[in-house]
Amino acid sequence: MEYVNPPELARPSGFTHAVRHGDAIHLSGQTAMDGDGKIVPGGIVEQFRQAFTNLLTALRAAGGQPSDLLGVTIYLTDIPDYQRCGREIGRVWRELAGTDYPAMAGIGVTSLWKPEALIEIQGVAAVRTGTAQASP
C-alpha cells in the first residue's frame, strides 16, 4: 500500500489523504479546508469547489485523474441548500473534472468534523497500471 499526503493539502492528523493499493485509490473525505487547515469562507458552492479540489489533488498525487473516479459520496449539512445551488455546483464539477460522472451518493448529516464545514466529499478511484489496453 502507498500512503499519499500531498503537501498542498492541510497536514493530516490521524488519517491519510489517499491510500493506493494496486489500481485502487481510496480518498479520504475532504472538506473545504485550505492549506492552513481553515474552512474557506462562503456558502455551499465555494465549499464544494474547495472540497472537490482537495479530493482531486489527493487523487492526482496518488496517480489518478478525475475520469478514474468510480464513486463519490457527498456528506451535506443542508441538502436543500445544495439542491438550490445544483446548477452552479454542476458547473464547478465540469470545470474541475469534465463530464465524467461516477456513481454518487448525497447523504445528509447533522454536522461534520469542523462545525463551519457544510460539505465533505469522499471517493474511490481505479487506475490502470502496467501495459496499455488492447484495442477491440
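Take Gly43 and decide whether it is open to solvent by 20 Å² or more (accessible area, probe 1.4 Å), touching a residue at least 12 places away in the same chain (Cβ under 8 Å) and closer than 23 Å to Lys114 by Cα. Don't jump to the end; show me each part of the working.
Details: open to solvent by 20 Å² or more (accessible area, probe 1.4 Å): yes; touching a residue at least 12 places away in the same chain (Cβ under 8 Å): yes; closer than 23 Å to Lys114 by Cα: yes.
It is true that Gly43 is open to solvent by 20 Å² or more (accessible area, probe 1.4 Å), touching a residue at least 12 places away in the same chain (Cβ under 8 Å) and closer than 23 Å to Lys114 by Cα.
Being hydrophobic (A, V, I, L, M, F, W, C) and in a loop (DSSP other than H, G, I, E, B) is the filter; apply it to the range 95-121 and report the residue that is farthest from Ile44 (Cα to Cα). Even if it seems obvious, please write down each step before you answer.
Step one: of the range 95-121, the residues hydrophobic (A, V, I, L, M, F, W, C) are 96-97, 103-105, 107, 109, 112-113, 117-119, 121.
Among the residues that remain, those that are also in a loop (DSSP other than H, G, I, E, B) are: 109, 112-113, 117-118.
Details: Val109: 14, Leu112: 14, Trp113: 16, Ala117: 9, Leu118: 6 Å.
Looking at the filtered set, the residue picked out is Trp113.
Scan the range 1-21 for residues that are of a type in the set (Gly, Ala, Ser), modelled with pLDDT of 95 or more and part of a loop (DSSP other than H, G, I, E, B) and jot them down.
To start, the set of residues in the range 1-21 that are of a type in the set (Gly, Ala, Ser) comprises 10, 13-14, 18.
Now narrow it down to the ones that are modelled with pLDDT of 95 or more: 18.
Across the range 1-21, there are no qualifying residues.
Of the residues in the range 37-67, how many are under 15 Å from Thr77 (Cβ atoms) and modelled with pLDDT under 95?
1
Could you check the range 63-91 and list, in sequence order, the residues that are over 13 Å from the mean Cα position of the chain (by Cα) and open to solvent by 60 Å² or more (accessible area, probe 1.4 Å)?
Passing the criteria: Asp78, Ile79, Pro80, Gln83, Arg84, Arg87, Glu88, Arg91.
Has the range 20-40 got any residue that is closer than 22 Å to Pro80 by Cβ and more than 12 Å from the chain's Cα centre (by Cα)? Even if it seems obvious, please write down each step before you answer.
As a first pass, look at the range 20-40 and keep what is closer than 22 Å to Pro80 by Cβ: 29, 31-32, 39-40.
Filter again for more than 12 Å from the chain's Cα centre (by Cα), leaving 39-40.
Within the range 20-40 (the criterion being closer than 22 Å to Pro80 by Cβ and more than 12 Å from the chain's Cα centre (by Cα)), the answer is yes, since at least one residue qualifies.
The values are calculated or read from the model by the stated rules, or taken from the named source; none is laboratory data. In this text, all values refer to a predicted model and were calculated from it rather than measured experimentally. We place every Cβ from the backbone using ideal geometry, glycine too, and count neighbours over all the protein chains shown. Quick note on the areas: whole protein, heavy atoms, side chains included, nothing else; ligands and nucleic acids left out. Shrake-Rupley method; radii C 1.70, N 1.55, O 1.52, S 1.80 Å.
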